Every structure is written in structure tokens, then in C-alpha cells.
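Accompanying notes for the structure given below.
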Amino acid sequence: MPREITAFSNPLIKYVRDLRDKRHRRAAKQFLAEGLRILTEARETGRLPRTLFYAAASANHPLVHALSMDVEDAGGDSIQTTPDILSKLSGKDNPQAVVGVFDEFDATLEDLDRNSSGIWLVAERLRDPGNLGTILRTGDAVGAGGLILIGESVDPFSVEAVRASMGALFTIPVVKTEWEPFQAWLRTGPGQLVGLSLDTDTDYRAATYTGPTFLLTGNEAQGMPTEMAEACDVLVKIPMLGKADSLNAAVATAVMAYEVLARQEKATPLA
């Protein structure tokens with residue numbers, strides 16, 4: 001049976017609230033996810049929170065009830081609480097109906113099957129959690145095999161990144177690695193590395209893409225280092241017809257991903 005917590009002084013409330021802090025989250029190897037949609041996405045992929053908090057007013061919602069039962073059946077804690085405590089946990093004045101505490105999960109390059117998808121997303125030193133979340137959503141939308149983060153990128157388990165991913169964090173693998181291991185892994189099998197760059201004359205609509213295609217997006221402010229650009233099989237740019245010289249990193253990734261998807265669907269018509 002679910003238990004009830006209504007006191008702010010409860011030690012568990014402090015522990016969960018502190019998961020919003022990067023150092024505490026990394027030490028605990030747990031993270032927060034908020035909202036019924038996101039937690040339902042996680043449940044459908046087989047990932048359940050260790051601890052589930054939900055408002056009493058939501059207790060009879062069929063999805064909340066099913067989620068609560070599954071958490072308890074898996075040995076987790078299902079906790080009914082107040083909107084004020086949910087607000088404290090989420091850091092929002094208008095909190096979501098549910099908040100879950102999940103164990104962090106890692107994937108490695110060796111866990112990936114490059115032939116499982118024709119599109120892979122690669123981001124180098126991505127710093128903005130909103131961009132990371134949007135790129136994850138794009139990856140889910142185009143059926144990407146996963147997102148590979150190169151170098152010191154933003155933590156995909158931060159509250160902001162998880163929120164921005166709208167559940168996509170649970171649907172496609174995320175690998176954190178460095179450039180040298182990634183390059184070595186990539187060249188052990190098939191894979192075309194396509195870099196998004198301003199330093200090329202090749203229009204993204206004129207290039208040839210051969211799967212699996214790995215789309216490399218550089219740092220938001222600095223772009224990709226010269227050594228990475230030189231290692232790409234092809235560099236492409238998205239033409240800018242206005243005064244701006246480049247698109248937001250997440251938007252550029254989405255434009256490229258859908259171009260590659262369209263080419264692949266054209267090469268293999270839908271049944």
C-alpha cells in the first residue's frame with residue numbers, strides 16, 4: 001500500500017529535493033523526472049522510479065494508479081503527498097502531478113548496435129540542457145539509434161535536461177564519451193560521419209548520405225574543433241538567407257536529421 005508523507009521535515013523529502021543539485025545527484029547516482037507523460041514513457045520502456053510521489057488528488061487517475069502499482073510490485077516506494085511538497089521537490093510553483101526518483105543508467109559505445117538505425121546523433125561539448133533535451137526528442141522522432149555526447153557536455157540527468165527531453169531520455173540510448181574513443185569505435189565498422197559546419201561550401205541538400213549516418217553537431221558557441229572537422233567524411237552547411245549566421249544547435253540537428261531520414265525513406269520506400 002502507498003504510504004503518506006505530509007511533513008516538509010521528512011528526511012526523504014530533503015534527500016529528493018537535493019537531487020536537483022548536481023553534486024548530490026552524481027553522488028547518489030539518482031535523478032528526478034517530473035510529469036505523468038514522462039513517467040509513463042519511462043514505464044513503457046521498462047524503467048520505473050525507485051520512489052514515486054504523487055498528489056492525493058491524482059490517486060484515482062488510471063495512469064497514476066497503474067504506475068503506483070507497478071512501482072510497488074517492483075519493490076519501490078509509492079508515496080502520496082501534498083501539492084506543496086511536490087512543488088518543493090520539483091522547484092516549480094505549479095508542480096506536476098507526479099515526481100519520480102530514478103537510478104541513473106549508462107550506456108557505452110560497446111552497447112550500441114550501429115546497424116540498428118540509419119541515423120545517429122553526436123554532439124560535442126553540448127552545454128545547454130534545453131538543447132540536449134530537444135536533440136533527444138528529435139532523435140526519438142526520427143528513430144535515431146542514440147545520442148553520443150562527446151567531451152564535457154551538460155548532464156543528461158539534470159532536472160532541466162530531463163524535463164526538456166519530454167521522456168525521450170528513456171527511449172533512446174545516451175552515451176557519454178571522449179573524441180578519441182568515439183573515433184576509434186566509429187572506424188571499426190560502417191558509418192559515415194557528417195559534420196555540421198559553416199566552413200564548407202557543401203549545401204546539406206546536395207550531399208550524399210550513406211547509412212548509418214552519424215550527425216556531428218559542435219559546441220553551441222565555438223562550433224567543432226578543427227581536428228573533428230577534418231575527421232568527418234563530409235562537412236555540410238545549412239544555408240542562411242537572413243542576417244543570422246547560424247541556427248541553434250538543436251534546430252540545426254533536427255533539420256539535418258529529417259533530411260537524412262527523407263533520403264533514407266526515398267531510397268527505401270515505405271510499404
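The numbers here are math on the coordinates, done by the rules we state, and not lab data. Since the structure is predicted, the reported quantities are computational estimates derived from the model, not experimental observations. Every residue, glycine as well, gets a Cβ built from its backbone with ideal geometry; the counts of neighbours run over all protein chains shown.
General observations
- Taking the longest Cα principal axis of the chain as reference, the axis of helix 249-267 is set at about 70 degrees.
- Under 5 Å from the amide H of N219 lie the amide H atoms of E124, M224, each residue being 5 or more positions distant or on a separate chain, with H modelled from the backbone and absent for Pro and chain starts.
- Residue-by-residue Karplus 3J(HN,Hα) for segment 181-189, coefficients 6.51, -1.76, 1.60, Hz, glycine and proline x: x, 5, 4, 4, 5, 4, 7, 8, x
- Rounded tilt (10° steps) of 62-73 against the dominant C-alpha axis of the chain: 80 degrees
- Gained length - R23 relative to L63, 0.36 nm times residue gap less alpha-carbon distance: 11.2 nm
- Its residue count N sets the reference 2.2 N^0.38 Å, and the alpha-carbon radius of gyration of segment 43-113 equals 1.27 times that reference.
- Summary of the geometry: segment 91-129 and segment 192-271, compared by the centres of their Cα atoms, lie 21 Å apart.
- Loop-located GluC sites (Glu not before Pro) across segment 98-191 with a Cβ neighbour count of 14 or fewer within 10 Å are E104, E152, E178, with loop assigned by DSSP.
- Within segment 93-163: Cβ-based charge dipole about Cα centre, in debye rounded to nearest 20 (Lys, Arg +1; Asp, Glu -1): 320 debye
- In order along segment 200-214, the phi-based Karplus estimate (6.51 cos²θ - 1.76 cosθ + 1.60, θ = phi - 60°) of 3J(HN,Hα) comes to 7, 9, 7, 5, 4, 7, 9, 6, 9, 10, 10, x, x, 9, 9 Hz; Gly and Pro are listed as x.
- Annotation for segment 132-219: trypsin sites (Lys or Arg not before Pro) lying in DSSP loop with at most 13 further Cβ atoms inside 10 Å of their Cβ are R187, R205.
- Gyration tensor analysis over the Cα atoms of segment 25-81 returns equivalent ellipsoid semi-axes of 18, 13, 11 Å (largest first, whole Å).
- For segment 85-236, the fraction of alpha-carbon pairs in successive 5 Å shells from zero, as %: 2, 9, 18, 21, 19, 14, 7, 4, 4, 2, 0
- Helix-only mean residue ellipticity at 222 nm for the chain, each DSSP H run of n ≥ 4 adding -39500 (n - 2.57), per residue, nearest 500: -10500 deg cm²/dmol
- Straight Cα distances below 20 angstrom link K22 to the lysines K14, K88, K92, K176, with same-chain residues fewer than 8 positions distant left out.
- Temperature 4 °C, viscosity 1.567 mPa s: under these conditions the Stokes-Einstein estimate for the chain, based on its Kirkwood radius over C-alpha pairs, is 65 µm² per second.
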